[in-house]
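Following: one structure in structure tokens, then a few remarks.
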Ligand code: FES
Ligand SMILES: [Fe+2]
């Protein structure tokens, strides 16, 4: 079908109303989800935490965040390399997130102390990593795992040929609640009918990887949908990856990272969408990417409004504390 080859869209026939779709609650067994979460949390992170999007870090000012209760500051040195460390000035504790970057150095706004990224006056840098899409910091004192030289990155499409968007949201919950939400793909067509229809989760593979294969259609407009097969995996204790393995956009990846912020149950969700496609039309889409990015973000924001509400509800339901 020629048109079908050019356009990934399909018109849904026999569309069933939302309330008439097959309930998924029997298949979404709580112990199945809990087990997948527990196994994910046992996988190594090397103490790496996602801090934000690479493109959000400008040359002239730093990015300051609290990660797992630690104030962290990141900036780029004169060579464009990512630098980072504690967010308090070693002199009298000024907030370094407000320090301008001049000639690659962080210049403390209180008394002009300059940090070039190396240890200075008791200020010890943290290992950092810029993977081109996301910024990471390694906090060995909080992670408590054997450190890894680099964050364990899931396989991604070539960023040169992918449309990249990063969404960040914050919820009153812990990373485990975000993981539990992402490892419950059964809620997709019920909770997000504006985005997903005709969702079927295949029986989980018994290969120990906890990969969940999901056949689902993305709703584009009205009856027009894009059917795909997506594989969900949790490669680390704070990361869930959805990869398109069949249908439009094969190889596209959605990486969801949950970063504990500290000071109460607050968790940042940093989600990177790396969309790719062998289609020629996709090159045009990439050329338009500055225009498409806010659109992609708007969709992610809507999904995450509902998903964070789910994660927050789970957090509250389990007593608002502890990890399970
Ligand atoms: S507090 Fe930073 S230089 Fe004094
Ligand atoms: Fe969801």
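The values are calculated or read from the model by the stated rules, or taken from the named source; none is laboratory data. As the structure is a prediction and not an experimental result, all values here were calculated from the model. Cβ atoms come from the backbone with ideal geometry, glycine included; neighbour counts cover every protein chain shown.
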Some residue of segment 67-83 being more than 28 Å from residue 271 (Cβ to Cβ), within 13 Å of ligand 1 (Cβ to nearest atom) and modelled with pLDDT of 95 or more: no
Residue list for segment 87-134, filter: more than 12 Å from ligand 1 (Cβ to nearest atom), under 30 Å from residue 154 (Cβ atoms) and in contact with a strand residue (DSSP E or B) (Cβ under 9 Å, 6 or more places away or on another chain): 97, 117, 124, 125, 126, 127, 128, 129, 130, 132, 133, 134
Of all residues in segment 165-197 being surrounded by fewer than 22 Cβ atoms within 10 Å (Cβ to Cβ) and more than 16 Å from ligand 2 (Cβ to nearest atom), the one that is modelled with the lowest pLDDT: 168
Filter result for residue 143 (in contact with a strand residue (DSSP E or B) (Cβ under 8 Å, 6 or more places away or on another chain) and within 16 Å of ligand 2 (Cβ to nearest atom)): no
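Any residue in segment 172-188 that is in a strand (DSSP E or B), touching a strand residue (DSSP E or B) at 6+ places or on another chain (Cβ under 9 Å) and farther than 28 Å from residue 56 by Cβ?
Looking only at segment 172-188, we keep the residues that are in a strand (DSSP E or B), and these are none.
So far as segment 172-188 goes, no, none of its residues is in a strand (DSSP E or B), touching a strand residue (DSSP E or B) at 6+ places or on another chain (Cβ under 9 Å) and farther than 28 Å from residue 56 by Cβ.
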Those strands (runs of 3 or more DSSP E) lying entirely in segment 70-164 with at least 1 residues more than 21 Å from the chain's Cα centre (by Cα): 70-76, 82-86, 105-107
Selection from segment 198-214 of residues that are surrounded by 15 or more Cβ atoms within 10 Å (Cβ to Cβ), away from ligand 2 (no atom under 11 Å from the Cβ) and under 18 Å from residue 32 (Cβ atoms): 200, 201, 204, 210, 211, 212, 213, 214
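Within 16 Å of ligand 2 (Cβ to nearest atom), part of a helix (DSSP H, G or I), under 16 Å from the mean Cα position of the chain (by Cα) and at pLDDT 85 or above: is that true of residue 311 in this structure?
In short, yes.
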Search result, residues across segment 253-274 that are more than 18 Å from residue 183 (Cα to Cα) and at pLDDT below 95: 262, 263, 264, 265, 274
Single condition residue 153 does not satisfy, out of (1) more than 16 Å from ligand 2 (Cβ to nearest atom); (2) at pLDDT 95 or above; (3) surrounded by fewer than 22 Cβ atoms within 10 Å (Cβ to Cβ): (2)
Residues satisfying the stated conditions in segment 46-89, i.e. surrounded by 21 or more Cβ atoms within 10 Å (Cβ to Cβ) and either closer than 30 Å to residue 206 by Cβ or without any contact (Cβ under 8 Å) to a residue 24 or more places away in the chain (or both): 48, 87
Residue among 109, 86, 62 that is over 20 Å from residue 130 (Cα atoms) and away from ligand 2 (no atom under 16 Å from the Cβ): 109
